[in-house]
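Worksheet for the structure shown next.
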Amino acid sequence: MFSKRTERRSIAWQLILLFTVATALLLACGLGVFYAIVVRHAFAEDNAVLADKVAALRADLHESGPNVFAEELKDRNAGEHRAYWIRMLDSQGRTYAETPGMDRSLPPAIFPPPPAYAKISADRQKSDLAVGGLKDYRTGSKLFSLVSLNEESGSEPYTLQIAQDRSSDERVERNFAVLFIIVFLGSVLASALIAVIVTKRGLRPLQEMTQSLARVGPTHLKERVTPTDWPRELKPLASAFDDMLKRLDDSFTRLSQFSADLAHELRTPIANMIGEAQVALIRDRTADEYRETIESTVGECERLSRIVDNLLFVARVDAAREPIARKRFDARAAVEKIAAFYQTIADDHHVTITCSGEAQMYADPDLFERALGNLLDNALRFTPENGSIQIGLSEQDAGVEVAVRDNGCGIAPEHLPRVFDRFYRAESSRGSDGAGLGLALVKSIVDLHGGSAKIESEIGRGTTVKLTFPLL
C-alpha cells in the first residue's frame, strides 16, 4: 500500500493542488470579507433611512395632529407596493389608524414594546435604531424590520408602530451571494487552469533534463547535462549529475581496463598450464618429466592464487570490509624486522637494505608489514646488483612518513600517475614478471588507514615511494 501511494505522488499535481487551494482560501477570505462589508453597509443604510422615516412621522404627527395623521394613513392605496407600514395605537392599545391591509400580515402583537419614556428626541431615536432597537419579522416571502415608539399629540399619548419592508434588500443580498459564489468557483477553476499551465511550463526543464539523462548509456557516458543552460534552481542538480556521470565514466573505464587486464593476467598462467599438460600428454614421459610438469603447474597455480588473494584483498578494502585493528607500536622495530626478512633475498642479488629514523606508528601492524613488504619486494625486483634500498622513517605534521628508496632503473614520468592502478606496469622502463598488483595493494592499505601514497622517480637514478600514516 505504501509503495503504491509513493508511486502515485506527483510534484506537478501537488503544486497544482497547493496553488489552487491557496487561491481558493484567499478568494474565500477576500470575497467573504467584502460580502460582509457590503451587507453590513446596506443594513446600516436601511437603519438610517428607517430612522429618518421615524423622525419624519413624529414631526408630521406633532404638526398635523392625530386626526389628520390618521386620515393620511387611511387614504393610502392598499394595492400598491409599500416600503413602510404604519400603525397608530391609542392609550388603551387599540388601533386608532393604520395603513390599509396592515392588520392581515402585521398584527400589533408582533411589534416590540416601545421605550418606557414618553418623550424622545429625534437624535435619541436614531441612536436607539442604530444600537439595535429593531425586530426582524418574516411572513411568507417578505422580511420586515419592526419598531415601536410612544408619542404625545394634544396631551394624548399614542404609540406608533412602523414596519420597513426589506424583502428587496434580502433578494439583493441573496443575488449578491450567488454572484460571489459564481465568481469564487470561476476564479478557482481559472486558478487551477493557470496552475496547470505554469506548473507544466515550470517543470519543462526537468523533462528536458530527463531526456538528456535518458541518452546516457554504457557507450554514452561522455554525455553531460551542461549546468549553464538550466535555471538557477536546477544548476546544483545538473552539476551533481555531471559529477556523477564523470565518476561513472571513470569507474566504467577503469572497470573495463581492469577486466581486460585481469583476463590477460589469468590467461597467461592458464595457457602455460594447458600447454605444458598437452605437451606432456603427447607421448609417454618419464617420472622426472611428469614431476617437472607438475611442479611447473604448481608454480603457475601459486601465481594464480597470489593474484586472486591480492585482488580479493583490494576488493575488500575498496568495499570497506577489510578489518583494521589499529594500535600504537615502534615503527623502527617493525621496519627492521621486515628488512631482516627480505635481506636474505637481497643477499642473493648483492643488494643492501638499510633503515634510518625513529617513529611511533598508529596503524594495523599486519597491514603495515604487508604494505612495506610489497614495496621491498617491488624494489628488489628493479634494483641492480650491488645496489641499495633505504627505508626512512620520520614524524611530520601530517603523520608518520615511511619512504622506500632504491637506485634502480626508474620510471618514466608519463607512467607515474598510473603506477598505483591495478595491473598497470610500466613495461618500457621496468620489466617484471609480476601481476601489477603490488603498488595497488599498497595504495589500498594506506587509503584504508586514511593516509596517502606518493611516488617519485627518475630514469636511471631510482624510485622513491612515500607512505604517510595519520598520527591518530
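The values are calculated or read from the model by the stated rules, or taken from the named source; none is laboratory data. Here the structure is a predicted model, which means the values were calculated and not measured. No Cβ is skipped: glycine too gets one built from the backbone with ideal geometry, and neighbour counts run over all protein chains shown.
Name the single residue, out of those in the range 24-37 being exposed (fewer than 15 other Cβ atoms within 10 Å of the Cβ) and among the hydrophobic types (A, V, I, L, M, F, W, C), that is nearest to LEU185 (Cα to Cα). Among those residues, the one meeting the criterion is ALA28.
Yes or no, residue by residue, for (1) modelled with pLDDT of 85 or more; (2) in the same structural domain as TYR35 (by TED's automatic domain parsing); (3) not polar (S, T, N, Q):
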site: ARG82; (1), (2), (3): no, yes, yes
site: THR95; (1), (2), (3): no, yes, no
site: ALA116; (1), (2), (3): no, yes, yes
site: ASP123; (1), (2), (3): no, yes, yes
site: LYS126; (1), (2), (3): no, yes, yes
site: VAL131; (1), (2), (3): no, yes, yes
site: GLU152; (1), (2), (3): no, yes, yes
site: PRO157; (1), (2), (3): yes, yes, yes
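So is LYS466 surrounded by 19 or more Cβ atoms within 10 Å (Cβ to Cβ) and either modelled with pLDDT under 90 or not in a loop (DSSP other than H, G, I, E, B) (or both) or not? In short, no. Within the set of pairs 6+ apart or on separate chains, which have a first residue in the range 235-253 that is surrounded by 12 or more Cβ atoms within 10 Å (Cβ to Cβ), a second that is part of a helix (DSSP H, G or I), and C-beta atoms under 6 Å apart? Here the result reads LYS235/PRO227; ALA238/PRO227; SER239/PRO227, each pair linking the range 235-253 to a residue that is part of a helix (DSSP H, G or I). Across the range 360-392, the number of residues qualifying as out of contact with any Phe, Trp or Tyr (no Cβ under 8 Å at 6 or more places or on another chain), surrounded by fewer than 20 Cβ atoms within 10 Å (Cβ to Cβ) and more than 15 Å from LEU439 (Cα to Cα) comes to 8. Would you confirm whether any residue within the range 259-281 is among the charged types (D, E, K, R), at pLDDT 80 or above and loosely packed, with under 15 Cβ neighbours inside 10 Å? No, there is no match, as no residue in the range 259-281 is among the charged types (D, E, K, R), at pLDDT 80 or above and loosely packed, with under 15 Cβ neighbours inside 10 Å.
So is VAL147 surrounded by 13 or more Cβ atoms within 10 Å (Cβ to Cβ), under 19 Å from LEU57 (Cβ atoms), hydrophobic (A, V, I, L, M, F, W, C) and at pLDDT 85 or above or not? Yes: the conditions hold for VAL147. Run down ILE162, ILE182 and say which single residue is outside the structural domain of ARG104 (by TED's automatic domain parsing) and at pLDDT 80 or above. Just a single option satisfies the conditions, and that option is ILE182. Quickly run through the range 357-392 and pick out the residues that are farther than 21 Å from ARG461 by Cα and part of a strand (DSSP E or B). If the condition is that a residue be farther than 21 Å from ARG461 by Cα and part of a strand (DSSP E or B), then GLN360, MET361, TYR362, ALA363 are the ones that fit. Consider the range 136-159 and keep the residues that are free of Cβ contacts under 8 Å to residues at least 40 places away in the same chain and touching a Pro at 6+ places or on another chain (Cβ under 8 Å). The one that is nearest to ASN67 (Cα to Cα) is ASN150.
One residue stands out among those in the range 202-219 that are closer than 14 Å to MET244 by Cβ and at pLDDT below 75: the one that is surrounded by the fewest Cβ atoms within 10 Å (Cβ to Cβ), which is LEU213. Yes or no: GLU358 in the same structural domain as HIS449 (by TED's automatic domain parsing), more than 18 Å from ARG326 (Cα to Cα) and modelled with pLDDT of 90 or more? So GLU358 passes the test. Only a single item in (1) at pLDDT 80 or above; (2) exposed (fewer than 13 other Cβ atoms within 10 Å of the Cβ); (3) farther than 27 Å from GLU385 by Cβ is not met by ASP309, and it is number (1).
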